[in-house]
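Beneath this line is the structure, given in structure tokens, with notes to follow.
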Amino acid sequence: MPLPLVWLADVLRAAGLRVVETPGWRTRTARGAQPRPVGVLQHHTATPASYSRPAPTVDLCIRGRPDLAGPLCHAVIGYDGTVHLVAAGRANHAGRAKASGPNPGGDGNTLYVGFEWDYQGVNQGPSPEQYDAAVRATRAVLDHLGRPPDAARGHRETSVTGKIDPGHVDLDQFRRDVAAAHLQEDDLTPEQDAILRRIDAELMGPWNDGKPSGWGTAIGPRTVVAMLVDLHNALLAPQTSRVPGSTVKVSAVDAIRNIDGVIYQLPAMIQAAGQADPAAVADALRPVLADIVGPVVAEAVHAALGEDNTDQAEAIVTELAQRLAGQEAAA
């Protein structure tokens with residue numbers, strides 16, 4: 001039978017968070033009653049962290065300490081905002097808990113999903129990225145559980161042994177931020193952003209210094225957009241054009257119909273078409289090409305993401321249409 005918190009990965013990714021699934025997390029559990037969470041409990045690891053070493057305590061949270069068996073939390077939130085999933089079952093993170101906010105007292109390990117923020121906590125506070133990830137992750141989990149923002153608590157608010165974590169965090173403000181968090185359904189998840197980047201790379205080629213460098217061809221680097229412009233120009237060429245160095249006349253239409261022909265004859269057709277200013281032609285055609293290519297890309301993206309992700313698919317298509325039209329890409 002699956003452990004009770006295996007849904008964490010999907011819920012956190014749907015909130016737009018970067019999620020790392022540590023090996024074995026779906027079957028990892030401590031001994032004892034399994035979680036039936038009514039809230040989310042915030043901790044700090046008491047280990048210094050940095051952007052170059054953002055999650056140094058993940059292994060410790062998996063293995064545990066000499067005085068406390070692992071797993072020690074359900075997820076570690078790194079200094080860079082990445083969420084590392086540790087356990088889908090019981091975790092030894094809370095101990096005995098007193099009633100706090102809308103949550104009852106009792107076995108904190110069954111009452112709470114436990115997030116460890118990887119930072120030192122005394123001389124170091126959380127990073128902005130870490131804090132934001134904790135807000136979004138907490139809101140996503142509470143929404144899944146059907147619990148209010150006040151069900152987010154800090155360990156110092158539930159501990160019966162005087163814990164101080166999470167240090168340098170105003171928990172009342174944290175709950176206000178959780179309540180205000182807007183988890184837009186049309187935000188791109190990391191996986192969907194990767195799809196966008198892959199399609200973008202296939203259309204525009206690698207990007208250098210913020211500009212598409214295109215794919216290498218016999219006539220130099222060319223983007224798919226530019227090559228479509230070349231094809232359009234070739235169709236406007238005279239019906240028969242002599243290829244330089246050849247005694248055979250080539251029909252532009254016939255060459256385009258023949259995939260080998262279009263590859264080898266396109267440079268000659270462009271020259272024969274006598275286009276003096278291909279950049280101007282490209283600028284004029286980009287909006288048209290966006291209208292032509294957009295529906296094709298839209299169909300492919302919708303097929304890849306599914307009907308349940310219509311907003312995300314539309315965001316991808318809009319971004320591609322903007323780039324095809326020569327507009328500045330969205331930040």
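A short reminder: the numbers here are calculations on the coordinates, not readings from a lab. Since this is a predicted model, take the numbers as computed values, not measurements. Every residue, glycine among them, receives a Cβ derived from its backbone with ideal geometry; neighbour counts consider all protein chains shown.
Within 10 Å, count the other beta carbons around each residue, average over each peptide in 147-155, 118-126, and list them highest first.
Listed from highest to lowest mean packing, they are 147-155, 118-126.
Going 7 Å from the Cα of A69 toward and past its Cβ, which residues in the range 25-52 have a backbone nitrogen under 14 Å from where you end up?
In the range 25-52, the label zone of A69 (backbone N under 14 Å from the point 7 Å along Cα→Cβ) covers 28-34.
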